[in-house]
Every structure is written in C-alpha cells, then in structure tokens.
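The values are calculated or read from the model by the stated rules, or taken from the named source; none is laboratory data. Note that this is a predicted model, so its numbers are computed, not measured. SASA here: full protein model, heavy atoms, side chains in, ligands and nucleic acids out. Shrake-Rupley method; radii C 1.70, N 1.55, O 1.52, S 1.80 Å.
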Amino acid sequence: MNDYSAKDLSDPEDGDIRDDIAEHIDKRAFEDMNNQIQIVLQDMKDKFQTMSDQILLRIDDMGARIDDLEKNISDLMIHAGLETPDK
C-alpha cells in the first residue's frame, strides 16, 4: 500500500493555477481599494476647494464692509466738523 496523500496525487500545475488566481484576486482587491482611495481623496480635494473658495469670498466681503465702514466713519467725522473733506 502506498502512503500518497491527495496533495501528492494532484497535478503540480494546480498549485500554479491557484497561485495565479490568488495573485489575480490580490491585484483586483488592490485595484478596488486604490480606486476607492482615489475617490475619497478627490472628494476631499473638492470639499477643501469649495471651503477655500467660500473663505476667500467671505474675506473679500469683509474687506468691502471694512472699506464702507471707514468711509462712513470719515463722512461722520466730516459732518461733525472733526475732519476736513479730502479733495
């Protein structure tokens, strides 16, 4: 009686096929994970760009309000006689 196991009787190329399948699955999993990471990073980039644009708009708006406030203060000081008008 021979002491062969099922592994001993299997075709040696079966191991190569299993390795190829495992490698393919690993590559596919890596590609899927990489794609998901790229999507998340692009989403984050878009959100940061939107926030950056909103911040710059608010800074511009605040600058315009400060300019208006300075003009109104100057007009009030002129009206009160504390300052002479610029010509």
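Computed over protein heavy atoms with a 1.4 angstrom probe, the accessible surface ordering of Met77, Met33, Met51, largest first, is Met33, Met51, Met77. Stretching Leu69 away from Asp19 to a fully extended chain increases their span by 10.6 nm, per 0.36 nm per residue minus the current alpha-carbon distance.
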